[in-house]
Structures are given as C-alpha cells and as structure tokens.
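**Q** The structure follows.
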Amino acid sequence: MSIANNLQRILNSIPKNVTLVAVSKKKPVTAILEAYNAGQRVFGENKIQEMVEKHEQLPKDIEWHMIGHLQRNKVKYMAHFVHLIHGVDSLKTLKEINKQALKHQRKINCLLQVKIANEATKFGMSNAELMAILESEDLRKLKNIQIVGLMGMASFSDDTQLIQSEFKTLKQLFDAVQKYTTTNFTPSVLSMGMSGDYLIAIKEGSTMVRIGSAIFGKRNYN
Ligand SMILES: *Cc1c(COP(=O)(O)O)cnc(C)c1O
C-alpha cells in the first residue's frame, strides 16, 4: 500500500469534523512530500530539532504540530512557526511558550496533556494539576498562548475495554473543563487516538487523531 492509499483509506474511515494529524517522526521528507502531494497539510513530529529541519525543507503551507514531550529549552527553535503544541503538562512550560511566542508577536496554540493511562511511561498531568492550572491567576496573564483543548494517550494494550474507558475519562474531563472557558482557554479540540486505537477514540469523542505508522509504515528505531 502506498502512502497516498493509506491516507485515503484513513480519511474515508473518519468523520469530516475529525482532524487527521499525519505523524511523520523518523520519516524522510520524501515520505512527507508524498502525503503532501496527496493533499495532506497537517503533520506531527515529536522532536523539536527534527521538526525544525523538516519545516525548513518543506512547503510553507504545512501546519506543524509538536506532539512529543517538550524540552523547555528548545521551545524557542519552533516558536516562529509551530501551529499546535499537544504535549503541554505544566504552567512552567506554558510560561516559556508564552515568552517565546511574544518574541515573534504570535499567539501559540496549545493542548494540555492529561495522563489517562496508568503506565509509568506516559507523560501528562493529573486531574488535580490540570485544575490547578485552570484556576491559576498566572494563566490569565499569558496573552500569547491559546489553550484550545486537551490531549491524551491511552495504554499501549490489546484490551479495547481499557482503552475505551481511558478515552471516556478524558472526554468527561474535556466536557467538565468547558466551564473554565476564558480568553486564553477555549477548549474545542480533543486530541486522542493513534494508529491502533483511533476508531475507538473517535467513538468516544475525539476531534483530532494522531496517526503515524498506519500512514507511513513502521518506524525504524535503529
Ligand atoms: C508516535 C506518536 C503517535 C503516532 O503513533 P502511531 O502508532 O504510529 O500512529 C501519536 N501520538 C504521539 C504522542 C506519538 O508520539
């Protein structure tokens, strides 16, 4: 199957209101161009340096999403072009993004990452940490960020009931935080679902899926 065929097959299986982020980490620019030429414009990367290099080489109408765990000291390298940062998990990181966005006279879109799986390897904050941010006075002062929703990753598991319940939990939280809506917290995006679980995620209310291997094939980690 070609990248274009994979894309088409996935787009046919998701509703029109769900955004497809094509996760191109570890894939060459030639693969990204193949998807681009098939019409895809939204791409996700998990390393800032890799995303910066690809941004420089590829057409400028690509919307770049940072989906990985953030290293605060590298935010500055992507602040001039990043479209959406999915993995924000602290006020400290929000402040750094705000500072770098201000330098470029931009407002950077962010998602707050919530930990929904019990696995030790999954990043994200607890419900309590999320609430603390939403209720903090400091948040109001960050005029160069726009928090547009939440992001989460389900357990890496074959247990579809477990995955479904984790997505359900995140959707409930997403509904619950609507009441905190303010100028820079306007939650409309729920980023959940990857190659192995995106259909479950969509059933549970996802509005944005991050799909890599089902489009580009397996990644080589050597
Ligand atoms: C790699 C990655 C994905 C895509 O994973 P696939 O299983 O290849 O679809 C999605 N989200 C995040 C945060 C990732 O790091």
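The values are calculated or read from the model by the stated rules, or taken from the named source; none is laboratory data. Computed from a predicted model, the values in this text were never measured in an experiment. Here the Cβ is made from the backbone with ideal geometry for all residues, glycine too, and neighbour counts use every protein chain on show.
**Q** Being of a type outside the set (Phe, Trp, Tyr), away from the ligand (no atom under 14 Å from the Cβ) and surrounded by fewer than 17 Cβ atoms within 10 Å (Cβ to Cβ) is the requirement here; does THR160 meet it? Don't jump to the end; show me each part of the working.
**A** Values: of a type outside the set (Phe, Trp, Tyr): yes; away from the ligand (no atom under 14 Å from the Cβ): yes; surrounded by fewer than 17 Cβ atoms within 10 Å (Cβ to Cβ): yes.
In short, yes.
**Q** Okay, next question. In this structure, is LEU20 closer than 19 Å to ILE211 by Cβ, within 16 Å of the ligand (Cβ to nearest atom), touching a residue at least 60 places away in the same chain (Cβ under 8 Å) and of a type outside the set (Asp, Glu)?
**A** When the stated conditions are applied, LEU20 passes them.
**Q** On to the next question. Look at region 198-222 and say how many of its residues are over 20 Å from ASN6 (Cα atoms) and without any contact (Cβ under 8 Å) to a residue 12 or more places away in the chain.
**A** So the count comes out to 1.
**Q** Does ASN37 qualify as being away from the ligand (no atom under 16 Å from the Cβ), touching a residue at least 40 places away in the same chain (Cβ under 8 Å) and not acidic (Asp, Glu)? Working first, answer last.
**A** Working: away from the ligand (no atom under 16 Å from the Cβ): yes; touching a residue at least 40 places away in the same chain (Cβ under 8 Å): no; not acidic (Asp, Glu): yes.
Taking the combined requirement at face value, the residue does not satisfy it.
**Q** Test each condition in (1) assigned to a helix (DSSP H, G or I); (2) touching a strand residue (DSSP E or B) at 6+ places or on another chain (Cβ under 7 Å); (3) within 16 Å of the ligand (Cβ to nearest atom) for ALA31 and report the one that comes out false.
**A** Among (1) assigned to a helix (DSSP H, G or I); (2) touching a strand residue (DSSP E or B) at 6+ places or on another chain (Cβ under 7 Å); (3) within 16 Å of the ligand (Cβ to nearest atom), the lone unmet condition for ALA31 is (2).
**Q** Follow-up question, since we're still on this one. Hey, any hits in region 111-119 for a residue that's without any contact (Cβ under 8 Å) to a residue 12 or more places away in the chain and within 15 Å of the ligand (Cβ to nearest atom)?
**A** The answer is no, given that none of the residues of region 111-119 is without any contact (Cβ under 8 Å) to a residue 12 or more places away in the chain and within 15 Å of the ligand (Cβ to nearest atom).
**Q** Continuing with this model, one more query. Mind listing whichever residues of region 202-222 are at pLDDT 95 or above and either away from the ligand (no atom under 11 Å from the Cβ) or in contact with a Lys or Arg (Cβ under 6 Å, 6 or more places away or on another chain) (or both)?
**A** ILE202, LYS203, GLU204, GLY205, SER206, THR207, PHE216
**Q** Here's something else I'd like to know. Name the single residue that is farthest from the chain's Cα centre (by Cα) among those in region 34-52 being in a helix (DSSP H, G or I) and surrounded by fewer than 15 Cβ atoms within 10 Å (Cβ to Cβ). Steps first, answer last, please.
**A** We begin by selecting, within region 34-52, every residue in a helix (DSSP H, G or I); these are 34-37, 48-52.
Still in the list and also surrounded by fewer than 15 Cβ atoms within 10 Å (Cβ to Cβ): 37, 49.
Working: ASN37: 23, GLN49: 17 Å.
Top of the filtered list is ASN37.
**Q** Can you tell me which residue is nearest to ASP197 (Cα to Cα) among those in region 139-184 that are small (Gly, Ala, Ser) and under 19 Å from the mean Cα position of the chain (by Cα)?
**A** Initial filter on region 139-184 (small (Gly, Ala, Ser)): 149, 152, 154-155, 157, 165, 176.
After this cut, where a residue has to be under 19 Å from the mean Cα position of the chain (by Cα) as well, the list is 149, 152, 154-155.
Working: GLY149: 20, GLY152: 12, ALA154: 8, SER155: 10 Å.
Ranking the qualifying residues of region 139-184, first place goes to ALA154.
**Q** Take the residues of region 127-149 that are out of contact with any strand residue (DSSP E or B) (no Cβ under 8 Å at 6 or more places or on another chain) and part of a loop (DSSP other than H, G, I, E, B): which is surrounded by the most Cβ atoms within 10 Å (Cβ to Cβ)? Before the answer, list the steps.
**A** Initially, region 127-149 is screened for residues out of contact with any strand residue (DSSP E or B) (no Cβ under 8 Å at 6 or more places or on another chain), giving 128-129, 131-132, 135-138, 141-143.
With the extra rule that they be part of a loop (DSSP other than H, G, I, E, B), the set shrinks to 136, 142-143.
Values: SER136: 13, LEU142: 23, LYS143: 12.
The residue in question is LEU142.
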